[in-house]
Amino acid sequence: MYVTTQFSVFMVNKPGVLAHVLSEFASAKINIIAMTVMDSVEHGVLRVVFDESQGAEEIITRSNMPYSKTEVLCVNLDNHAGALAGVAERLATNHVNITYAYCTAGAKGGRTTGILKVADVKKAMKVLQDNVKRLNKSQPLLRRSKSAGRI
């Protein structure tokens, strides 16, 4: 589990715009951890988390697209039915609101990464860490993304 930067990039909703942005990241060898795209009639919103935020931000800025940044919680989950539901239930029980969430299709070791925009990142991390400690899990709980600062 870690906190990292998510970018919301506001793109014109027309063919080739998403392909161009993704190609720019690929050319710079910037890995995408997770992404989702939502659309409206006028524009699309690319929400994306990278291995390395600084280089990604430079590319987005050069592409002259409006964007915003926010902290999100990345939770390493087992890739099975109910994994994200368990996290959502623990946060709800402790009154931490999830504004939105999305997951990767799969991550290392057959696992998946859940990206959660929560009202209180520090409280959410504490709730989830305390729960894992009670379950006496043996794998590491917390890591920092390459681009995240100290928590």
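Rule-based calculations on the coordinates, nothing more; no lab input. All of these numbers come straight from a predicted model, not from anything done at the bench. Heads up, the Cβs are rebuilt from the backbone with ideal geometry, glycines too, and the neighbour counts pull from every protein chain shown.
Oblate is the label for segment 57-119. Its Cα gyration tensor axes, ordered a ≥ b ≥ c, give a/c of at least 1.5 and b/c at or above a/b. Paramagnetic label reach from residue 79 (point 7 Å along Cα→Cβ; backbone nitrogen cut-off under 14 Å): within segment 113-133, residues 113-114. Of all aspartates and glutamates in the structure, those lying under 15 Å Cα to Cα from residue 126, and not within fewer than 8 positions of it along the same chain, are 89.
Anything over 23 Å Cα to Cα? Flag those among 69/123; 29/123; 29/122, in the order listed. Over 23 Å Cα-Cα: 29/123; 29/122.
Any number yet on Rg/Rh for segment 1-60, C-alpha, Kirkwood? Working shown, then result.
On the way: Rg = 11.6 Å, Rh = 12.0 Å.
Radius of gyration relative to Kirkwood radius: 0.97.
Would segment 1-113 count as rounded, prolate or oblate if I go by the C-alpha gyration tensor, calling it rounded below 1.5 in a/c and otherwise prolate when a/b exceeds b/c, oblate otherwise?
On the way: a/c = 2.01, a/b = 1.66, b/c = 1.21.
It is prolate, given that a/c is not under 1.5 and a/b is the larger ratio.
With N the number of residues in segment 36-83, Rg(Cα) / (2.2 N^0.38 Å) evaluates to 1.48. Highest average first, the peptides 43-52, 78-87, 94-103 ordered by how many other beta carbon atoms sit within 10 Å of their residues are 43-52, 94-103, 78-87.
Only the Cβ atoms of Lys and Arg (+1) and of Asp and Glu (-1) were treated as charged; on that basis the dipole of segment 2-68 about its Cα centre amounts to roughly 100 debye.
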